[in-house]
Amino acid sequence: MNKIWIGIIVISIIYGLVTGRFDALANSILALPEKGLNLVCTLVFSACFWNGIMMIMYDSGLIDKVAKALNPLLNLIMPNLKDEEARKYISSNIAANMFGLGFAATPSGLKAMKRLKMISPEDEKTASDEMVTFLILNTAGVTLIPTTVMAIRHSYGAVNPTDFIIYGIIGTLLSCVSGLLLDRYYRKKALKNKR
Amino acid sequence: MNKVSLVFIPLLVILTIVYAAIKKKNAYASFLNGTKEGLGLFVEVFPSVMAMLLAVTMLEASGLITDIKTSLKTLFPAINMFADITPMVLFRPISGSASIAVLDNICAAGADSFTCKMASTIQGSTDTTIYVLSLYFTSVGITKWKHALKVGLMADVVGITVGVILSLLFLK
């Protein structure tokens, strides 16, 4: 990350100086703190709000209900995972991801990884099949409410900041399904190669 | 169709609160707790957003992106509308803050523009795959990832493609 970051900044500034865009460079650097503050306010305070809503869901047991509803799906996706604790962490991780709250999903996600490692049949350094499937589910995972994106669009005065979410849901669903199918395909292929 | 998504948000809020009321839970206290917990993010998120904003803003202000875009446009006229979202697509798997910074720039230019809508759709249908994988795997000391990275990125490509097609069809 460090190298990419330095690379982008150095190349851009040199290019800007060579092509004589002094004004634009200086002004945008000076405008950064305010711009950053505005963006972070949009991000963090919308996250605060949705975290509040999600906490109500946790405390009232609605998340558990959602997790239970996801159970048959989880059986289909990870038929070999019988461990209750790991399943619990995985379901609440997926539920938080649905709200586009990736960071709120991280604690339960890391717990799920730890648990999966404890029951992993593989050696120390190798990912188990369940870990791979779980992370694909996580990264290609379904985001029902992209809260941050809506907040940004709202802050710039979009007429209907939510107009894209249905298409986003379709996109995320298809990406999730194809990720899971590809996961199966590669797992079977690896199994064949072993024999 | 777009009306449906407008109803979705208030419906979700009322459903949550009514459910808590039926279960006789203190929804008010829970909401306060959750919101307070979220505040900690400010300190956590602000530095990385600032850093990424610096990189993305320099890319824009130096004219590098604009010049690449204009030369691409003269070479391939059809690529026109995708030129704006290319930086976001490239940053998306590596850093959530960076892709959000690009999205912020795009939507600042017009929150109802087609580019902003398309970028939002893509942002909604993909994830920071490389970042998440390295965070989760390193947290438990796993170095052999099997096919996780390959499949994660392929799923992102599917998400991006579907996002582009759907926004071309319905949001233009």
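Across the stretch B:96-113, the number of residues qualifying as buried (at least 23 other Cβ atoms within 10 Å of the Cβ) and polar (S, T, N, Q) comes to 2.
Counting only helices (runs of 4 or more DSSP H) that sit completely within the stretch B:1-80, those holding 1 or more residues that are modelled with pLDDT of 90 or more correspond to B:2-22, B:27-39, B:41-61.
The combined condition, being on the phi < 0 side of the Ramachandran plot and surrounded by fewer than 22 Cβ atoms within 10 Å (Cβ to Cβ), is not fulfilled by B:T126. Residue by residue through the stretch B:92-103, note down the ones that are in contact (Cβ under 8 Å) with a residue 24 or more places away in the chain and assigned to a helix (DSSP H, G or I). Answer for the stretch B:92-103, where residues must be in contact (Cβ under 8 Å) with a residue 24 or more places away in the chain and assigned to a helix (DSSP H, G or I): B:G96, B:S97, B:A98, B:S99, B:I100, B:A101, B:V102.
On the stretch given as the stretch A:153-195, residues that are among the charged types (D, E, K, R), crowded, with 21+ Cβ neighbours inside 10 Å and in a helix (DSSP H, G or I) total 2. For the residues A:M113, A:M150, the requirement of being at the interface with another protein chain (Cβ under 9 Å from one of its Cβ atoms), free of Cβ contacts under 8 Å to residues at least 24 places away in the same chain and in a helix (DSSP H, G or I) singles out A:M113. Checking each residue in the stretch A:116-127 for being surrounded by 14 or more Cβ atoms within 10 Å (Cβ to Cβ) and either aromatic (F, W, Y) or assigned to a helix (DSSP H, G or I) (or both) picks out A:L116, A:K117.
Evaluated against (1) touching a residue at least 40 places away in the same chain (Cβ under 8 Å); (2) farther than 29 Å from A:I166 by Cα; (3) touching a Ser or Thr at 6+ places or on another chain (Cβ under 8 Å); (4) surrounded by fewer than 22 Cβ atoms within 10 Å (Cβ to Cβ), A:E130 falls short on exactly one condition, (4).
So which residues in the stretch B:110-121 are at the interface with chain A (Cβ under 9 Å from one of its Cβ atoms) and small (G, A, S), if there are any at all? Across the stretch B:110-121, the qualifying residues are B:G110, B:A111, B:A119, B:S120.
The values are calculated or read from the model by the stated rules, or taken from the named source; none is laboratory data. Because the structure is predicted, anything quoted here is derived from the model rather than measured. Here Cβ is always computed from backbone atoms with ideal geometry, including for glycine, and neighbour counts include all displayed protein chains.
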